[in-house]
Amino acid sequence: MKVCVIGGAGYIGSHAVVELVKEGHEVVVVDNLSTGTKDSVDPKAKFYFADITHKEELNQVFDLECSIKPFDAVLHFAAKIVVNDSVYRPLEYYHNNVEGVRIMLEVMVNHKIKNVIFSSTAAVYGDAKQGICREDDLCAPINPYGETKLASERMIQWVAKAHDLNYCIFRYFNVAGAHQSLKIGLLRDNLTHIIPITVQAGLKIRDAVTIFGDTYPTKDGTCIRDYIHVSDLADAHVLGMKHIVEKNESILLNLGSSTGYSVKEVVEEVSKHLDVKVLMGEPREGDPAMLIASSSKAKEVLGWSVKRSLADIIQTDIDFRRKHEKTPR
Ligand SMILES: NC(=O)c1ccc[n+]([C@@H]2O[C@H](COP(=O)([O-])OP(=O)(O)OC[C@H]3O[C@@H](n4cnc5c(N)ncnc54)[C@H](O)[C@@H]3O)[C@@H](O)[C@H]2O)c1
């Protein structure tokens, strides 16, 4: 298939591109390199520098590419993703995440492209009181980031109804780890994810990791989350795309491991390999005690489940950071 990967120079998008190329698909990447890097893009993919909030830029790519051969599907990874930042800059998040999706859909409809794969998030569930999230649970985001993702999901669903479009919406849980080649992984300033932060503390790239709160109603008092290896996620995209194209239907699925680990357990797992300094901090506002995916639907519909464990996630992140980040050692 010929596919357009918007945001394919970013962390998750670049892993999806590798898998799509490996499966023999013809891949065109569109990215404005706001957080991604061109070096992360598989050299077998074609690259266009363009911002999807500028309709004429995206249109040009689609006009050119579709005149050669139309896209069978478009994958969207191009979002701003820092939850805390979204609280202080909601307009930027709505503009990039929601307006970007609106323009993408308009360009797709105008070019008669029938399939879209969209990266959504567990943040759409909000403060999930029961802790285990199912796809038909009530969605009530508690920050602008989650709101922009839910608004995008709903826009895609309405447009699909009106314009004969199939969608595959994936709600990811906590994504981490690096590609086994160690060529791509999560590299960025101001990391907010617990695994890379703990690994950086272990590698002395930062002083310490802070655990925010140990009085939650969980087994050890720290928050419980569901971690998924980025390559497992990439595999799901290849399957999801094939499914909606071949079956001509739409799907919405959680992608997680269905297993929860506490922040303390994550830190302990990293500490098996590295000496990590740990600080205790106050609980953060809006952090639910437990967020775990029910992933039975992804297994049922796509035959997909995670192949990589928390230990694999941590090992690949350590190996990747040892290779790519400057450590004082
Ligand atoms: N990382 C996670 O843990 C996580 C969890 C849940 C959902 N998601 C979703 O997965 C997707 C990818 O996340 P990521 O972690 O790879 O983020 P990322 O920042 O690494 O990647 C986003 C990519 O999109 C590009 N981009 C952003 N805005 C653009 C625009 N207007 N035009 C063109 N390109 C643009 C960036 O340059 C970057 O290459 C996002 O939609 C995010 O909401 C991520």
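The values are calculated or read from the model by the stated rules, or taken from the named source; none is laboratory data. Bear in mind that the values here come from a model prediction, so they are computed numbers and not experimental data. When we count neighbours, we look across all protein chains shown, and the Cβ atoms used for this are built from the backbone with ideal geometry, even at glycine.
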Inset, instruction - Name the single residue, out of those in the range 2-15 being more than 9 Å from the ligand (Cβ to nearest atom) and buried (at least 18 other Cβ atoms within 10 Å of the Cβ), that is farthest from Ser67 (Cα to Cα). - result: Val5
Legend entry - Conditions (1) β-branched (Val, Ile, Thr); (2) outside the structural domain of Glu26 (by TED's automatic domain parsing); (3) surrounded by 18 or more Cβ atoms within 10 Å (Cβ to Cβ); (4) more than 18 Å from the chain's Cα centre (by Cα); number of the one not met by Val245: (2)
Inset, instruction - Considering every residue within the range 257-264, establish whether at least one is touching a residue at least 60 places away in the same chain (Cβ under 8 Å) and touching a helix residue (DSSP H, G or I) at 6+ places or on another chain (Cβ under 7 Å). - result: yes
Legend entry - Selection count, the range 277-320, where residues are crowded, with 18+ Cβ neighbours inside 10 Å, more than 19 Å from the chain's Cα centre (by Cα) and more than 28 Å from Ile169 (Cβ to Cβ): 2
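The rows are residues; the columns are (1) more than 21 Å from Gly240 (Cα to Cα); (2) within 17 Å of the chain's Cα centre (by Cα); (3) at pLDDT below 95.
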residue: Lys149; (1), (2), (3): no, yes, no
residue: Asn166; (1), (2), (3): no, no, no
residue: Leu187; (1), (2), (3): yes, yes, yes
residue: Ala201; (1), (2), (3): yes, no, no
Inset, instruction - Can you confirm whether the range 42-61 contains a residue that is within 24 Å of Tyr172 (Cα to Cα) and charged (D, E, K, R)? - result: yes
Inset, instruction - Give the residues of the range 31-53 that are near the ligand (Cβ under 8 Å from one of its atoms), surrounded by fewer than 16 Cβ atoms within 10 Å (Cβ to Cβ) and not aliphatic (A, V, I, L, M), sorted by residue number. - result: Ser34, Thr37
Inset, instruction - Report yes if Val28 is within 15 Å of the ligand (Cβ to nearest atom), surrounded by 14 or more Cβ atoms within 10 Å (Cβ to Cβ) and more than 19 Å from Gly100 (Cα to Cα), otherwise no. - result: no
Inset, instruction - Scan (1) surrounded by fewer than 21 Cβ atoms within 10 Å (Cβ to Cβ); (2) farther than 23 Å from Tyr167 by Cβ; (3) within 9 Å of the ligand (Cβ to nearest atom) for the single condition Glu99 breaks and write down its number. - result: (2)
Legend entry - Cβ-Cβ under 6 Å pairs, at least 6 apart or on other chains, the range 46-57 side on the phi < 0 side of the Ramachandran plot, far side charged (D, E, K, R) and away from the ligand (no atom under 11 Å from the Cβ): none
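Condition check ((1) under 19 Å from Gly8 (Cα atoms); (2) in contact (Cβ under 8 Å) with a residue 24 or more places away in the chain; (3) surrounded by 17 or more Cβ atoms within 10 Å (Cβ to Cβ); (4) small (Gly, Ala, Ser)) across all residues:
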| position | (1), (2), (3), (4) |
| --- | --- |
| Asp137 | no, no, no, no |
| Asn143 | no, yes, yes, no |
| Tyr172 | yes, yes, yes, no |
| Leu186 | yes, yes, yes, no |
| Arg206 | no, no, no, no |
Inset, instruction - Please find, within the range 54-81, the residue that is surrounded by the most Cβ atoms within 10 Å (Cβ to Cβ) out of those that are among the acidic types (Asp, Glu) and assigned to a helix (DSSP H, G or I). - result: Glu65
Inset, instruction - Go through the range 115-127 residue by residue and tally those that are surrounded by 20 or more Cβ atoms within 10 Å (Cβ to Cβ) and more than 12 Å from the ligand (Cβ to nearest atom). - result: 3
Inset, instruction - Have a look at His193, His179 and point out the one that is within 16 Å of Val267 (Cβ to Cβ) and either within 16 Å of the ligand (Cβ to nearest atom) or crowded, with 18+ Cβ neighbours inside 10 Å (or both). - result: His193
Inset, instruction - State whether the residues of the range 57-76 include one that is in contact with a Ser or Thr (Cβ under 7 Å, 6 or more places away or on another chain), within 12 Å of the ligand (Cβ to nearest atom) and not hydroxyl-bearing (Ser, Thr, Tyr). - result: yes
